[in-house]
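Visitor: Here you go, one structure.
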Amino acid sequence: AMKIGVLALQGAVAEHVRMLEEAGATAVAVKKVEELDDLDGLIIPGGESTTISKLMHKYGFMEAVREFGKARKPIFGTCAGAILLAKRISGQEDSHLGLMDILVERNAFGRQKESFEVTMPVAGVAADYPAVFIRAPYIREVGENGEVLAKYEEKIVVARDGHYLAAAFHPELTEDNRLHRYFLDMVKEYRS
Ligand code: GLN
């Protein structure tokens, strides 16, 4: 089976592990850099991007995850994880991992909409995907090799750039594992 890690420094870890296992993968909560070595893919969960970033620096994950991505191993960033993956963050000079060619804007849906759920089409995934947004970012731009997979209110909320996948919402908080299955198909593609 494919072995997928979920970066377990902060945020929605256990729910991603459960989703991946339901989708047929072996999933591990990753707390040490060495645990990246035998993984086929990695999920960076939602949470608070600034907190996760600090912990990644502290425990040596910044360089290790960059290496992982540069070795063409797939990475899926959800919500804060998408912010961590992005090459550019609106209004900020520096990015975090800076791996995926997207420009993100944090907390993009306003205060009155701190959290909400909508059903939307996601290209190649589902016509009726249930998406849970929690203080979500959105993707303002996708680089020239990137693909837009979903939009909500004209804003890009799912994108792919080669072996990188980003979702602005929390795909681990429902019973629908189709986006996780899509990611596992990406992992399969890059493994062969
Ligand atoms: N607003 C958070 C951030 O900027 C992301 C929220 C989330 O992951 N649910 O990191």
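The numbers here are math on the coordinates, done by the rules we state, and not lab data. All values reported here derive from a predicted model rather than from experimental measurement. Please note: Cβ atoms are built from the backbone with ideal geometry, for glycine as well, and neighbour counts cover all protein chains shown.
Visitor: In debye, nearest 20, what is the charge dipole magnitude of the chain about its Cα centre with +1 on Lys and Arg Cβ and -1 on Asp and Glu Cβ, if you could check?
Guide: That gives a dipole near 300 debye.
Visitor: In nm, what is the difference between 0.36 nm times the number of residues separating residue 144 and residue 94 and their Cα-Cα distance?
Guide: Difference between extended and current length: 15.9 nm.
Visitor: Which order do peptides 40-49, 118-127 fall in by mean Cβ count within 10 Å, highest first?
Guide: Going from most to least packed, we get 40-49, 118-127.
Visitor: Given charges of +1 on the Cβ of Lys and Arg and -1 on the Cβ of Asp and Glu, with all other atoms neutral, how large is the dipole of the stretch 54-148 about its Cα centre, in debye to the nearest 20?
Guide: The calculated dipole for the stretch 54-148 is roughly 340 debye.
Visitor: Calculate the tail of P(r) for the stretch 3-191: the fraction of all Cα-Cα distances greater than 31 Å, expressed in %.
Guide: Tail of the P(r) past 31 Å holds 7 percent of the pairs.
Visitor: Using the number of other C-beta atoms within 10 angstrom as an exposure proxy, rank 161, 185, 128 with the fewest first. Before the final figure, lay out each step's value.
Guide: Working: 161 20, 185 14, 128 10.
Fewest-to-most Cβ neighbours within 10 Å comes out as 128, 185, 161.
Visitor: Need the list of lysines near residue 151 for cross-linking: C-alpha distance under 25 angstrom, and skip anything on the same chain fewer than eight residues off.
Guide: Once the sequence-local lysines are set aside, what remains near residue 151 is 87, 113.
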